[in-house]
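Report on the following structure.
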Amino acid sequence: MAAPFSYEQAQRIAEVFSKYSVRYLFIGKSGAIILGFPDTTQDADLFVKKSTENGQAIVSALLDLGFPITNAQQKEIERGKDFVQLRSGPFDLDLIFAPDGIETFEGAESRSLKVQGLPVCHIDDIIQSKEATNRVKDRESLPRLKAFREWWLINH
Amino acid sequence: MNSQQKEWNLDFQAAAKRSLKERMRYSFIKTYKPVLDDVPYRSFDTMAEYRKWCEQNLPNWLGYGRSL
């Protein structure tokens, strides 16, 4: 089992994804945490643009980061699945190509912001995605996340 | 503002005083999640397919389903 995701690993993602020009955004609770939301989570969730070019860049970046993905898995990522879960690398990573509640990557990217070099979805997109997903664990965290949104908008 | 919101706002203010590195150290944890962590790689063509898989295969208490 991988160790918890760390600041250094997030910075390494930013470095390597930039090297291969991967278009991505931190999303989900991991994104909210980067924005300042004090809560706990287990995985890093990345919203990645679904295109062959970006898929190829993602594969190159994952291999560079040390994820042991097979040729078949590389082809799947290049083709663009909607959701890929990686549990074999230096940290656990979820790649989300089509998050619920967000229409386009371009739209989310235009609303995103950078926190110490880490591209992050806007808090409204994070909330919208969790509302659309509507899992038990999302419903439990949404009231506090919405309160954080109110606080964050006033203080940023 | 109710007492719950006031308490949360104090949490948010306290967190804002910490560095990103420190916040991430406190926030990212790792515990074993049955089924979910049992294979090195998993992929789904659609999010609907993924949600359905979660509902059918993960223990309810993990919270990945839409109802408990």
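The values are calculated or read from the model by the stated rules, or taken from the named source; none is laboratory data. What you are looking at is a predicted structure, and each value in this text was computed from that prediction instead of being measured. The accessibility values were calculated without ligands, DNA or RNA, using every heavy atom of the protein model including side chains. Shrake-Rupley method; radii C 1.70, N 1.55, O 1.52, S 1.80 Å.
Candidate cross-link partners of A:LYS19 among the lysines, defined by an alpha-carbon separation under 25 Å and a same-chain spacing of 8 or more, comprise A:LYS49, A:LYS50, A:LYS75, A:LYS81, A:LYS114, B:LYS21. Contact order, relative form, for the stretch A:1-87: 31 percent (alpha carbon pairs under 8 Å, 6 or more residues apart, mean separation divided by residue count).
Per-atom-type breakdown for the stretch A:30-140 gives carbon and sulfur 43% of the accessible area (1.4 Å probe, protein chains only).
Overall, the accessible surface of the stretch B:1-42 at a probe of 1.4 angstrom is composed of carbon and sulfur to the extent of 52 percent. Bridging of A:LYS130 to lysines at a Cα separation below 17 Å is possible for A:LYS29, A:LYS146, B:LYS52, once same-chain residues fewer than 8 apart are set aside. Using a Gaussian network model of chain A whose springs link C-alpha atoms within less than 10 Å, name the residue from A:VAL115, A:VAL48, A:VAL16 with the highest mean-square fluctuation. Sorting by GNM fluctuation, first place goes to A:VAL115.
For chain B, the solvent-accessible area of protein heavy atoms averages 61 Å² per residue (probe radius 1.4 Å; ligands and nucleic acids excluded). For the stretch B:1-62 versus the stretch A:78-92, the inter-centroid distance based on Cα atoms is 17 Å.
Residues of the stretch A:64-103 that lose at least 40 Å² of accessible area (1.4 Å probe, protein heavy atoms only) when the other protein chains are present, relative to their chain alone, are A:GLN73, A:LYS81, A:ASP82, A:PHE83, A:GLN85, A:ARG87, A:ASP100.
Here is the interface size for A with B: some 4200 Å² of accessible area buried, both sides summed, with a 1.4 Å probe. Rounded is the label for the stretch A:1-138. Its Cα gyration tensor axes, ordered a ≥ b ≥ c, give a/c under 1.5. The helix-based estimate of mean residue ellipticity at 222 nm for the protein assembly as shown, built from -39,500 (n - 2.57) per DSSP H run of four or more residues and divided by its residue count, is -15500 deg cm²/dmol to the nearest 500.
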